[in-house]
Amino acid sequence: MRSPLLSRPGAVAVEEPAETARIVAAHYGDPLREQRLLAEGAGLVDRSDRDVLAVPGADRLSWLHSLTSQHLERLGDASGSEALVLSPNGHVEHHLVLAELDGTTWADVEPGTGAALLGFLEKMRFMLRVEPRLEPDHAVLSLVGPRALEVLGAAGLPAPAVEHAVESLAEGGFARRMRPIGDGGALVIDLVVPRDQVGALADRLLAAGAGLAGLTAYEALRVEARRPRLGLDSDHRTIPNELEWLTSAVHLDKGCYRGQETVARVHNLGRPPRRLVLLHLDGVSEDLAEPGTPVTAGTRAVGRLGTVARHHELGVIALALVKQSVTPDTALTVGGSAAAIDPDDVVDEIDDTRAAARDRIRALRSATMPRA
């Protein structure tokens, strides 16, 4: 299923989409300019490849509370959250972005994962008053940038005042405010709307001062913000403690749920086996490495690569899950490219340790600069 926004001038579709994914625009002709638009202005990103589910029913919140990592029993109307479905061993199986509105809990999830999540939910219904269903006729758009609220106002659309606030849209669907991406200045307003309203809503926002930006630009700022995506930045062994989902999608004081024992044990020990870091790559190769590529130190694998992106200021960056034993001065290689851990991801608070990480990045960049 192709998004209607792929008919806009300059649109280039994502390459090799998964068989279960809907096709959206990777960019509209200039990915780096589109990144700057998201970082400095307001850009509309087509994320309609995501799957959307709805869960109505009187028992929905207590039911979802019992199945997921998040405290949802008292989730208020017109508010949102994030949650995980874990395996019995605590491995992440699903990441849900939630919105509670008018007696229905909405969830959007990674492209192609909605059917599997629905299958799990159906098995867990028992005699409860819940009716989970896929909503293929709803799509996710994201208005991103420091001017996002201004554009919403100019378009005559409600602007959620705080993070995770949800506002109904007259056209159907809702607007939900998420955490910023990039360096923290790019606000994110998710618009979950009927799919037949995507084109009209885009026109309205573009007339109000937004510009179109592709998924490539959004992903670069997401990587900069160290926000993981299921299946790209996680694998079958990933536990929440290894990612920032421990703070955004897990409630550490709630009652029992599947996988809780692992989460609690690792949290109390304070040392998960791996940690998510931002890598700087030398950028010599024109081809970006694929998620899952080993991160190596010499001949030894010390992690796995996640999402890789060309950032308009930072160059080639990537998320990676690396072993706790990897130090910032470790010489890393990813698919033939030299890599270095970002200083902000150095666990040690000693200034010399952070300085070593900065020196490694400077050396990496100077070695790949063109010579006169």
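The values are calculated or read from the model by the stated rules, or taken from the named source; none is laboratory data. Since we're looking at a predicted model, the values are computed, not measured. Every residue, glycine among them, receives a Cβ derived from its backbone with ideal geometry; neighbour counts consider all protein chains shown.
At-a-glance table
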{"read-out": "Residue pairs meeting the criteria (Cβ under 7 Å; at least 6 apart or on separate chains; first closer than 14 Å to Ala210 by Cβ and at pLDDT 95 or above, in region 30-47; second surrounded by 19 or more Cβ atoms within 10 Å (Cβ to Cβ) and among the polar types (S, T, N, Q))", "value": "Val45/Ser142; Asp46/Ser3"}
{"read-out": "Ser142 being within 16 Å of the chain's Cα centre (by Cα), at pLDDT 95 or above and not aromatic (Phe, Trp, Tyr)", "value": "yes"}
{"read-out": "Top-ranked residue of region 145-171 - restricted to ones that are over 22 Å from Glu82 (Cβ atoms) and either surrounded by fewer than 18 Cβ atoms within 10 Å (Cβ to Cβ) or free of Cβ contacts under 8 Å to residues at least 24 places away in the same chain (or both), ranked as nearest to the chain's Cα centre (by Cα)", "value": "Pro146"}
{"read-out": "Residue check for Glu163: within 22 Å of Ala220 (Cβ to Cβ) and assigned to a loop (DSSP other than H, G, I, E, B)", "value": "yes"}
{"read-out": "Selection from region 274-289 of residues that are farther than 17 Å from Ala220 by Cα and either among the charged types (D, E, K, R) or out of contact with any strand residue (DSSP E or B) (no Cβ under 7 Å at 6 or more places or on another chain) (or both)", "value": "Arg274, Arg275"}
{"read-out": "Cβ-Cβ under 6 Å pairs, at least 6 apart or on other chains, region 277-300 side within 19 Å of Gly315 (Cα to Cα), far side aliphatic (A, V, I, L, M) and not in a strand (DSSP E or B)", "value": "His280/Ile361; Asp282/Leu364; Pro291/Leu232"}
{"read-out": "Every pair of residues 6+ apart whose Cβ atoms lie under 8 Å, when the first sits in region 181-208 and is crowded, with 16+ Cβ neighbours inside 10 Å while the second is among the charged types (D, E, K, R) and part of a helix (DSSP H, G or I)", "value": "Ile181/Arg222; Ile181/Glu224; Gly182/Glu224"}
{"read-out": "Test for Val130: is it in contact with a helix residue (DSSP H, G or I) (Cβ under 8 Å, 6 or more places away or on another chain) and part of a loop (DSSP other than H, G, I, E, B)", "value": "yes"}
{"read-out": "Residues of region 244-254 classified as touching a residue at least 60 places away in the same chain (Cβ under 8 Å) and of a type outside the set (Val, Ile, Thr), total", "value": "6"}
{"read-out": "Lone qualifier among Ala297, Ala318, Ala309 - being surrounded by 14 or more Cβ atoms within 10 Å (Cβ to Cβ), over 23 Å from Arg222 (Cα atoms) and at pLDDT 95 or above", "value": "Ala297"}
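Each row is one residue, and each column tells you yes or no for (1) surrounded by fewer than 17 Cβ atoms within 10 Å (Cβ to Cβ); (2) more than 18 Å from Ile189 (Cβ to Cβ); (3) not basic (Lys, Arg).
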| site | (1), (2), (3) |
| --- | --- |
| Leu5 | no, no, yes |
| Ala13 | yes, yes, yes |
| Val52 | no, no, yes |
| Arg74 | yes, yes, no |
